[in-house]
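Enquirer: Sharing a structure below in structure tokens format, with a few things to ask.
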Amino acid sequence: MGFVSTILGFCGFGVGVSCGLTIGYYLFIYFQPCDVKDPVIRPLVERDSKSLQQLLSEIPLWVKCPDYDRVDWLNKFIEYMWPYLDKAICRTAKDIAAPIIAEQIPKYKIDSVEFETLTLGSLPPTFQGMKVYVTEEKELIMEPSIKWAGNPNVTVAVKAFGLKATVQVVDLQVFAAPRITLKPLVPSFPCFANIFVSLMEKPHVDFGLKLLGADLMSIPGLYRFVQETIKDQVANMYLWPKSLEVQILDPSKAMKKPVGVLHVKILRAMNLKKKDLLGASDPYVKLKLTESKLPSKKTPVRHKNLNPEWNEEFNMVVKDPESQALELSVYDWEKIGKHDKMGMNVIPLKDLTPDETKTMTLSLLKNMDANDSQNDKDRGQIMVELTYKPFKEDELPKDFEDNDAAHKVPEGTPPGGGVLMIIVHEAQDVEGKHHTNPYVKILFKGEERKTKQVKKNRDPRWEEEFTFVLEEPPVNDRVHMEVVSTSTRIGLLHPKETLGYVDINLSDVVSNKRINEKYHLIDSKNGRLQVELQWRTAS
């Protein structure tokens, strides 16, 4: 009887379960509950304070904080591109991890570590909003708010001592508020040289971890320990002001900073040809570096002399000795009319040995076209003495953060001498009474420099750099900077007007080495001029 009762009991249980599932399925399909109502959608203004507090954590930052911008276009872009970004990111991660793993596993007597599965899943991260900062430096600062509740599948197989263990990471959640700084901004693609990434607060990281199929995070106390450890380790490395730096462009090539000084001594010219009607010439020499926006330098005029001697010395700032060249041109001075060109020649700086003085005698040519037969004609010679003195390695800026460092000029500069750099960035709210075509005129130690003219613009941007080689620090000197507008129309009525000016005392530049400020223009209602000044010393 006991055996028969057991058999009947099992049959009754199977029949009961089957009947229950069948009845439940039909009830679920064919009978709808009548007490379920459609949700009521109401505007936020009709919500009470308690309901709004419950919803507050889910409201995007661009709604709660007006300084955050909405970036739906970026989320849509990432959503469409995510299948391709997933594969590209995973492939890159494997390529980066492979040599690191191969280097580390012998230390722990592990046979191999391989990715069995690596995918970021089908759910892309979303940007809740983005804040952008504007500064007076050459940089762009962005602070996005990122949330990623993804479904990645990362399975790593570890083989050691003939055994194999698999570790799987699933259900990853990352909430982070990074600060991304692109600096400095440069005129070379991609238009920034470095990327700096910092975290403005500790990130929230949550994930599932399985070992041999078992969920390790279910072990009491382990979940909180792992989460806090990850937060602390990431914060120690990247929490602001610490940052992760990624170099995009080479510093010297991106910024085109001075790398040395060329000392030029114009000695003499010989056997020049007659240009004047009375059988003589009035020669002088113009010299400049190619790929430089600085105006040409000139020697004095030697009147009625076909074998003039000058012995004039010049210092010229070099930015790229591999591509730049010294261009020498001899002219015949004329009191009235255009000065006649007597000849020219070019000396590539790459032909000069650093820190070695070289005396050269060059034949004057009509132009630098090697196929021009007129270059065979004798036009005389010019003798020059050249010395290229590059900056030493410890005198160059190590990176872009070294803006406030005391940049030095090479040996041979007079004691106490140096280089004054004036960088004209932009002006704001400059407006003339009759026209607004602004440019900046710089007056310093009797020398005048000008930026290019920007037509019909109240907020012009120039980003032009001017360099002055000085015998001593300009402690008691001032630089006069004037914003001027000239008419583009032909006529004598109001051809030029001043939009404002400022006199800058250079004593602070000498003591601080670098100043970057916006100056309010005198004789201007609201005009401002942003100027960066740098002083590079010889000691």
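The values are calculated or read from the model by the stated rules, or taken from the named source; none is laboratory data. Nothing here was measured: the structure is a model prediction, and the numbers come from that model. No Cβ is skipped: glycine too gets one built from the backbone with ideal geometry, and neighbour counts run over all protein chains shown. Accessible surface is based on the protein model in full, side chains and every heavy atom, while ligands, DNA and RNA are left aside. Shrake-Rupley method; radii C 1.70, N 1.55, O 1.52, S 1.80 Å.
Enquirer: Determine whether the stretch 317-329 contains at least one residue that is among the small types (Gly, Ala, Ser), free of Cβ contacts under 8 Å to residues at least 40 places away in the same chain, open to solvent by less than 60 Å² (accessible area, probe 1.4 Å) and touching an Asp or Glu at 6+ places or on another chain (Cβ under 7 Å).
Expert: Yes, some residue in the stretch 317-329 is among the small types (Gly, Ala, Ser), free of Cβ contacts under 8 Å to residues at least 40 places away in the same chain, open to solvent by less than 60 Å² (accessible area, probe 1.4 Å) and touching an Asp or Glu at 6+ places or on another chain (Cβ under 7 Å).
Enquirer: Of the conditions (1) surrounded by 14 or more Cβ atoms within 10 Å (Cβ to Cβ); (2) under 19 Å from Phe175 (Cα atoms), Ser122 fails just one. Which one is it?
Expert: (1)
Yes/no per residue for (1) open to solvent by 90 Å² or more (accessible area, probe 1.4 Å); (2) assigned to a helix (DSSP H, G or I); (3) modelled with pLDDT of 75 or more; (4) out of contact with any Pro (no Cβ under 7 Å at 6 or more places or on another chain):
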site	(1), (2), (3), (4)
Leu21	yes, yes, no, yes
Glu58	yes, no, no, yes
Asp67	no, no, yes, yes
Phe77	yes, yes, yes, yes
Ala93	no, yes, yes, yes
Val113	no, no, yes, yes
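Enquirer: Restricting attention to the stretch 167-205, report how many residues are touching a residue at least 60 places away in the same chain (Cβ under 8 Å), open to solvent by less than 50 Å² (accessible area, probe 1.4 Å) and in a loop (DSSP other than H, G, I, E, B).
Expert: Here the count works out to 2.
Enquirer: Sticking with this one: If we scan the stretch 146-155, do we find a residue that is in contact (Cβ under 8 Å) with a residue 12 or more places away in the chain, out of contact with any Gly (no Cβ under 8 Å at 6 or more places or on another chain), open to solvent by 40 Å² or more (accessible area, probe 1.4 Å) and among the aromatic types (Phe, Trp, Tyr)?
Expert: No.
Enquirer: Exactly one condition in (1) buried (at least 21 other Cβ atoms within 10 Å of the Cβ); (2) modelled with pLDDT of 90 or more is not met by Arg458; state its number.
Expert: (1)
Enquirer: Moving to a separate point now. Among strands (runs of 3 or more DSSP E) lying entirely in the stretch 441-539, which contain 2 or more residues that are closer than 18 Å to Val317 by Cβ?
Expert: It comes to 447-450, 461-470, 528-537.
Enquirer: Look at Gly432 and say whether it is on the phi > 0 side of the Ramachandran plot, in contact (Cβ under 8 Å) with a residue 60 or more places away in the chain, open to solvent by less than 20 Å² (accessible area, probe 1.4 Å) and not assigned by the TED database to the domain that holds Glu136.
Expert: The answer is no for Gly432.
Enquirer: Follow-up. Mind listing whichever residues of the stretch 264-285 are open to solvent by 60 Å² or more (accessible area, probe 1.4 Å) and either of a type in the set (Lys, Arg) or assigned to a strand (DSSP E or B) (or both)?
Expert: Correct list: Arg268, Lys273, Lys274, Lys275.
Enquirer: Given the conditions (1) among the polar types (S, T, N, Q); (2) out of contact with any Gly (no Cβ under 9 Å at 6 or more places or on another chain); (3) open to solvent by 40 Å² or more (accessible area, probe 1.4 Å); (4) under 14 Å from Met383 (Cβ atoms), report the number of the one that Ser296 does not fulfil.
Expert: Checking Ser296 against (1) among the polar types (S, T, N, Q); (2) out of contact with any Gly (no Cβ under 9 Å at 6 or more places or on another chain); (3) open to solvent by 40 Å² or more (accessible area, probe 1.4 Å); (4) under 14 Å from Met383 (Cβ atoms), the one that fails is (4).
Enquirer: In the stretch 347-389, how many residues are open to solvent by less than 40 Å² (accessible area, probe 1.4 Å) and of a type in the set (Val, Ile, Thr)?
Expert: Qualifying residue count, the stretch 347-389: 4.
Enquirer: Residues in the stretch 503-515: is at least one open to solvent by 40 Å² or more (accessible area, probe 1.4 Å) and over 31 Å from the mean Cα position of the chain (by Cα)?
Expert: Within the stretch 503-515, none of the residues are open to solvent by 40 Å² or more (accessible area, probe 1.4 Å) and over 31 Å from the mean Cα position of the chain (by Cα).
Enquirer: State which residue pairs qualify: first residue in the same structural domain as Pro125 (by the TED database) and inside the stretch 67-94, second residue among the hydrophobic types (A, V, I, L, M, F, W, C) and open to solvent by 70 Å² or more (accessible area, probe 1.4 Å) in any location, beta carbons under 7 Å apart, and separation of 6 or more residues or different chains.
Expert: These pairs meet every condition: Lys94/Phe115.
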